[in-house]
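Inspection log for the structure reproduced underneath, given as structure tokens.
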Amino acid sequence: NYPNPFNPLTTINYSLPQNCFVTLKIYNILGQEIKTLVNEEKSSGMNSIRFDGSNLSSGIYFYMLRTENYSQTKELTLIK
């Protein structure tokens, strides 16, 4: 994601080798789901989504990107 740390907006970019169903969720440090950003079929190639953390407290959050064959978790830092 860029920028990271962010306040309050960041953009998460991801690339898909083929069309597939994608879920992209934000979690807090306790592992509680905060928001679902993507939960749908996406086309191959570069994709991006903006995340607005203006209603959240400063801190560390995580986003998890999942497809049927892939899963990755990365850290987001929100500084207000």
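Probe of 1.4 angstrom, ligands and nucleic acids ignored: what's the accessible area per residue over the chain, in square angstrom?
Details: 4980 Å² over 80 residues.
So the chain comes to 62 Å² accessible per residue, rounded to a whole number.
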(request) Kindly provide the GluC sites (Glu not before Pro) of the chain that DSSP labels as loop, not H, G, I, E or B, and whose Cβ sees at most 12 other Cβ atoms within 10 Å. (result) GLU68
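Could you tell me the convex hull volume per residue, in Å³, taken over the Cα atoms of the chain?
Details: hull volume 6.2 nm³, N = 80.
Normalising the Cα hull of the chain by residue number yields 78 Å³.
What percent do you get for the relative contact order of the chain when only Cα pairs under 8 Å and 6+ apart count? Can you show the working numbers first?
Details: 180 pairs, mean separation 29.6, N = 80.
With pairs under 8 Å counted, the relative contact order is 37 percent.
Please sort by residue number the chymotrypsin sites (Phe, Trp or Tyr not before Pro) in segment 46-80 whose DSSP state is loop and whose Cβ has at most 13 other Cβ atoms within 10 Å. It would help to have the intermediate numbers written out before the result.
Details: sites: PHE51, TYR61, PHE62, TYR63, TYR70; in loops: TYR70.
Passing both the DSSP loop test and the Cβ count: TYR70.
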(message) On a full-extension model of 0.36 nm per residue, what is the gain between ASN28 and ILE60, subtracting their alpha-carbon distance, rounded to one decimal in nm?
(response) 10.8 nm
(message) For LYS80, give me every one of the aspartates and glutamates with a C-alpha distance below 16 angstrom, ignoring sequence neighbours fewer than eight places off in its own chain.
(response) ASP52
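What part of the accessible area of the chain, given as a whole %, is carbon or sulfur when the probe is 1.4 angstrom?
Working: 2340 of 4980 Å².
Within the chain, the accessible surface is 47 percent carbon and sulfur.
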(message) Under 18 Å between alpha carbons, and skipping anything fewer than 8 positions from LYS74 in its own chain: which lysines qualify?
(response) LYS25, LYS35
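The values are calculated or read from the model by the stated rules, or taken from the named source; none is laboratory data. Source: prediction; values computed, not measured. Positions of Cβ are backbone-derived with ideal geometry, glycine not excepted, and every protein chain shown enters the neighbour counts. Keep in mind that these areas ignore ligands, DNA and RNA; they rest on the heavy atoms of the full protein, side chains included. Shrake-Rupley method; radii C 1.70, N 1.55, O 1.52, S 1.80 Å.
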